[in-house]
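Step one of this worksheet: look at the structure below.
The values are calculated or read from the model by the stated rules, or taken from the named source; none is laboratory data. All of these numbers come straight from a predicted model, not from anything done at the bench. Heads up, the Cβs are rebuilt from the backbone with ideal geometry, glycines too, and the neighbour counts pull from every protein chain shown. Remember, those area values only see protein heavy atoms, side chains included, never the ligands or the DNA or RNA. Shrake-Rupley method; radii C 1.70, N 1.55, O 1.52, S 1.80 Å.
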Amino acid sequence: MAVPFMAGVAAKLSGITGEDQQRMQEAGLKWLRSGIGELDQKQFFQGEKQPEDFHLLREKIAELRKNGFQIMGITPGPRDMIAEAGEPGSPEYFNNYRRLCAFLGREFKGLIDHWQVANEVDIWIFRGTLTLEQSAEFLKAGLRGLKDAGKELKVGVNVTLFPSKPGEVDGNTDQHEGVFIAKSIYQDPSLEVDYAGFDSYPGTWREGGAESWHAYLDAFHALVKKPIIIQEFGYASAGEMMTDAEARSRAYPCELKKWRFAWKGAHTPQVQADFIAESYRIFAEKPFVIGATYYCWKDHATCWQCGSSECPAETAWGLIDRGNNLKPSYHSLKSSLAAYFNGGGTATQSR
């Protein structure tokens with residue numbers, strides 16, 4: 001039986017314009033994935049009301065829902081937590097996080113039905129000071145908090161360091177982090193988890209390319225035994241390649257403003273478009289893949305990791321460029337959703 005495919009894009013909700021909405025709808029993008037940056041944790045932990053921006057966000061989400069969009073909300077991660085939450089890793093800290101997630105679930109009841117707890121805590125940069133073991137407990141607290149708000153809420157977490165190839169992905173260690181987090185969450189019978197989130201950037205942040213999805217997704221599904229939502233995937237449309245010597249030096253892309261990995265040997269707008277088309281073709285072949293969120297809607301002005309406008313690491317992932325022009329990737333995504341998922345609605349084959 002055919003079921004709706006969750007065709008989404010990552011975008012800051014408060015910044016989505018009427019033109020953006022029209023372009024998204026024309027492309028078949030019906031899901032928006034975003035964090036709740038307007039949340040004031042200090043106000044929450046002090047028992048005070050949320051600021052105006054928080055309520056304006058609720059109004060924005062209500063508008064987006066009225067216009068036909070669904071929201072995948074992201075709860076705060078470890079590095080987002082403030083001192084008032086308690087000593088990181090302490091019982092008080094985990095209990096406060098559970099309370100915070102329950103609050104978000106209740107505040108957005110009827111507006112956000114699907115949640116992702118934190119983001120990629122298998123990556124050290126997103127774990128803050130927590131250990132892997134503490135990060136798993138953090139995720140469990142968040143999952144339980146959301147279910148406290150309503151059993152009907154659909155919840156999960158996302159993993160990106162999978163398959164486990166120590167040393168391959170920039171800036172990570174050899175602790176098999178992705179496998180550890182996935183097992184901790186999806187093999188815990190005490191947890192109510194509705195889907196498994198999977199993120200990967202083969203051809204940009206790691207070896208391979210679009211063809212890598214076959215092995216990645218089949219193995220991940222065998223491990224988690226849950227429907228999979230690809231919470232982030234994409235391909236950078238700009239950036240030169242490191243020389244062999246530079247790649248061997250293990251330099252981080254931000255340092256050299258170059259990529260170590262590429263699909264088809266380059267990072268260009270056309271290769272980005274080709275990557276998207278091939279990725280969706282493969283997703284459509286996997287009945288257990290129930291959705292995919294492209295990262296991201298627009299190119300960023302600067303790299304959030306190093307602050308440079310010339311760094312390709314976090315600036316050239318969008319479907320729209322800095323001048324608000326549609327890139328070839330937009331047209332590729334639109335045609336792919338039409339071909340494989342009836343324009344982002346139901347799959348063209350039984351799922």
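Cβ separations smaller than 6 Å between residues 6+ apart or across chains give the following pairs from segment 266-292 residues that are surrounded by fewer than 22 Cβ atoms within 10 Å (Cβ to Cβ) to residues that are among the hydroxyl-bearing types (Ser, Thr, Tyr) and in a loop (DSSP other than H, G, I, E, B): 269/237. Residues of segment 293-318 that are buried (at least 22 other Cβ atoms within 10 Å of the Cβ) and of a type in the set (Gly, Ala, Ser): 313, 316, 318.
Do we have any residue at all in segment 234-253 that's open to solvent by 40 Å² or more (accessible area, probe 1.4 Å), free of Cβ contacts under 8 Å to residues at least 60 places away in the same chain, touching an Asp or Glu at 6+ places or on another chain (Cβ under 7 Å) and part of a loop (DSSP other than H, G, I, E, B)? For segment 234-253, residues open to solvent by 40 Å² or more (accessible area, probe 1.4 Å), free of Cβ contacts under 8 Å to residues at least 60 places away in the same chain, touching an Asp or Glu at 6+ places or on another chain (Cβ under 7 Å) and part of a loop (DSSP other than H, G, I, E, B): absent. Restricted to helices (runs of 4 or more DSSP H) entirely inside segment 12-101, those with at least 1 residues that are in contact with a Pro (Cβ under 7 Å, 6 or more places away or on another chain) are 41-45. When 111, 146 are checked against the criterion of being touching a residue at least 60 places away in the same chain (Cβ under 8 Å) and closer than 24 Å to residue 48 by Cα, a single residue qualifies: 146. Only one entry in 128, 150 is small (Gly, Ala, Ser) and under 19 Å from residue 194 (Cα atoms), namely 150.
Of these, 138, 198, which one is part of a strand (DSSP E or B) and buried (at least 23 other Cβ atoms within 10 Å of the Cβ)? 198 is the lone residue from the list that is part of a strand (DSSP E or B) and buried (at least 23 other Cβ atoms within 10 Å of the Cβ).
Listed here are the residues, each with its yes/no results for (1) in contact with a strand residue (DSSP E or B) (Cβ under 6 Å, 6 or more places away or on another chain); (2) modelled with pLDDT under 95; (3) surrounded by 17 or more Cβ atoms within 10 Å (Cβ to Cβ).
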site	(1), (2), (3)
7	no, no, yes
13	yes, no, yes
20	no, no, yes
23	no, no, yes
53	no, no, no
70	yes, no, yes
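Here segment 254-265 is the region considered, the condition is being open to solvent by 60 Å² or more (accessible area, probe 1.4 Å) and not in a helix (DSSP H, G or I), and the residue that is nearest to residue 337 (Cα to Cα) is 264. Here is a list: 184, 164. Which entry is open to solvent by 10 Å² or more (accessible area, probe 1.4 Å), more than 20 Å from residue 74 (Cα to Cα), within 20 Å of the chain's Cα centre (by Cα) and not charged (D, E, K, R)? Exactly one residue qualifies, and that residue is 164.
The single condition among (1) touching a residue at least 60 places away in the same chain (Cβ under 8 Å); (2) closer than 23 Å to residue 140 by Cα that residue 177 does not meet is (1). Exactly one residue out of 63, 92, 84 is free of Cβ contacts under 8 Å to residues at least 12 places away in the same chain, open to solvent by 50 Å² or more (accessible area, probe 1.4 Å) and more than 22 Å from residue 8 (Cβ to Cβ): that is 92.
Considering only residues of segment 118-135 that are not in a helix (DSSP H, G or I) and not acidic (Asp, Glu), which is surrounded by the most Cβ atoms within 10 Å (Cβ to Cβ)?
Ranking the candidates gives 121 first.
The set of residues in segment 217-241 being in contact with a strand residue (DSSP E or B) (Cβ under 8 Å, 6 or more places away or on another chain) and closer than 20 Å to residue 166 by Cβ consists of 220 alone.
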